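*Asks:* Have a look at this one.
The values are calculated or read from the model by the stated rules, or taken from the named source; none is laboratory data. Quick caveat: nothing in here was measured; it's all calculated off a predicted structure. With ideal geometry, Cβ positions are generated from the backbone for all residues, glycine too; neighbour counts draw on all protein chains shown.
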Amino acid sequence: MIDLSGKTVLVTGGSRGIGAATVRKVVACGGAAVIHYGSNAEAAEKLAAEIGTENCHVVQADLLEVDQTERLWDQALAWRGRIDVLVNNAGVYEKCPLDLPLDDWLAGWERTMRINLGSAAQLCRRAIPHFTEKGGGIVINVSSRAGHRGDSIKHQQYGASKAGMLALNRSIARTCAKDNILAYGIAPGFVDTEMVGDIMAEQGLEKMAALYPTGRVTTANEVASVITFLASGVAPQTTGNTIDLCGAADVR
């Protein structure tokens, strides 16, 4: 069984989808979770009540804002005086077609890159010296299959941001292993969550499932299981790697 006893895990975007599933598994494995949310306070508080407020701490922050991202780290750290695992899970998946007015197109790129990549890098900037001081720690960046293969032309900024997360992860792994800091990437295909609900509604779940040799899309619980396994620290020699969860649709 995965054991996270004594570990404090910061999960961005922790109130829904992959984040909420991860929070539940962290607590079930004996750990404590900081649940970050951006705007859905109701979902975050409901999750906290479900798993027990003694096991979690809720922090709101708009990751578009640099100062709020800094405050997120500070408040997460203040709860128990340490963070052992940083899970950069928060992200947006929004259309940004080429025929948008230039200002709108640029704004779409900047928003996605800031939330998906910039805020993750900013939190890593805070985490690395903290982990070094504490004798080690783990970073897990939730990327996407799109980080390897790109995305549609309407979502090219999403693919670019997720590829950046994997490069960020590799840089940390290569540089910080000497300080017992491990870094992993997670690259799911389509996951049955609210974030991709519009696409599933447009294309149909059966049509999407047919893209995968396993015959189905990935679940949030499956992604969370991989995250908690890596968070346990039992596989240190895998640092720097990316774990794909796409049902053999892409085999590297």
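*Asks:* Looking at residue 147, is it in contact (Cβ under 8 Å) with a residue 40 or more places away in the chain and surrounded by fewer than 18 Cβ atoms within 10 Å (Cβ to Cβ)? So that I can check it myself, show each step before the final result.
*Replies:* Values: in contact (Cβ under 8 Å) with a residue 40 or more places away in the chain: yes; surrounded by fewer than 18 Cβ atoms within 10 Å (Cβ to Cβ): no.
For residue 147, the condition - in contact (Cβ under 8 Å) with a residue 40 or more places away in the chain and surrounded by fewer than 18 Cβ atoms within 10 Å (Cβ to Cβ) - is not met.
*Asks:* OK, next. For residues that are more than 13 Å from residue 89 (Cα to Cα) and aliphatic (A, V, I, L, M), tally how many sit in region 134-187.
*Replies:* 13
*Asks:* Additional query: Quick check on residue 64: is it in contact with a strand residue (DSSP E or B) (Cβ under 8 Å, 6 or more places away or on another chain) and surrounded by 14 or more Cβ atoms within 10 Å (Cβ to Cβ)? Show your work before the answer.
*Replies:* On the way: in contact with a strand residue (DSSP E or B) (Cβ under 8 Å, 6 or more places away or on another chain): no; surrounded by 14 or more Cβ atoms within 10 Å (Cβ to Cβ): yes.
The answer is no for residue 64.
*Asks:* Have a look at 92, 66 and point out the one that is out of contact with any helix residue (DSSP H, G or I) (no Cβ under 6 Å at 6 or more places or on another chain) and β-branched (Val, Ile, Thr). Can you show your working first?
*Replies:* Numbers: 92 fails: out of contact with any helix residue (DSSP H, G or I) (no Cβ under 6 Å at 6 or more places or on another chain).
After ruling out the rest, the residue left standing is 66.
*Asks:* Which condition breaks for residue 51 when tested against (1) within 18 Å of the chain's Cα centre (by Cα); (2) surrounded by fewer than 21 Cβ atoms within 10 Å (Cβ to Cβ); (3) of a type in the set (Val, Ile, Thr)?
*Replies:* (1)
*Asks:* While we're here: Looking at this structure, is residue 234 at pLDDT 85 or above and either aromatic (Phe, Trp, Tyr) or out of contact with any strand residue (DSSP E or B) (no Cβ under 9 Å at 6 or more places or on another chain) (or both)? Outline the logic, then answer.
*Replies:* On the way: at pLDDT 85 or above: yes; either aromatic (Phe, Trp, Tyr) or out of contact with any strand residue (DSSP E or B) (no Cβ under 9 Å at 6 or more places or on another chain) (or both): yes.
Yes: the conditions hold for residue 234.
*Asks:* So, one more: Mind counting the residues in region 186-231 that are among the charged types (D, E, K, R), at pLDDT below 80 and outside any loop (DSSP other than H, G, I, E, B)?
*Replies:* Kept after step one, since they are among the charged types (D, E, K, R), are these residues of region 186-231: 192, 194, 198, 202, 206-207, 216, 222.
Now drop any that are not at pLDDT below 80, which leaves 192, 194, 198, 202, 206-207.
With the extra rule that they be outside any loop (DSSP other than H, G, I, E, B), the set shrinks to 194, 198, 202, 206-207.
Number satisfying all stated conditions: 5.
*Asks:* Let me ask another. Give the residues of region 126-152 that are in a helix (DSSP H, G or I), of a type outside the set (Phe, Trp, Tyr), more than 16 Å from the chain's Cα centre (by Cα) and at pLDDT 95 or above, sorted by residue number.
*Replies:* 126, 128, 129, 130, 132, 133, 134
*Asks:* Kindly provide the set of residues from region 97-116 that are exposed (fewer than 13 other Cβ atoms within 10 Å of the Cβ) and either touching a strand residue (DSSP E or B) at 6+ places or on another chain (Cβ under 6 Å) or not in a helix (DSSP H, G or I) (or both), ordered by number.
*Replies:* Hits for region 97-116 are 98, 99, 101.
*Asks:* Determine if region 88-103 includes at least one residue that is modelled with pLDDT of 95 or more, touching an Asp or Glu at 6+ places or on another chain (Cβ under 8 Å) and of a type outside the set (A, V, I, L, M, F, W, C).
*Replies:* no
*Asks:* What's the number of the only condition in (1) under 16 Å from the mean Cα position of the chain (by Cα); (2) within 17 Å of residue 184 (Cα to Cα); (3) not charged (D, E, K, R) that residue 158 fails to meet?
*Replies:* Of (1) under 16 Å from the mean Cα position of the chain (by Cα); (2) within 17 Å of residue 184 (Cα to Cα); (3) not charged (D, E, K, R), only one is false for residue 158: (2).
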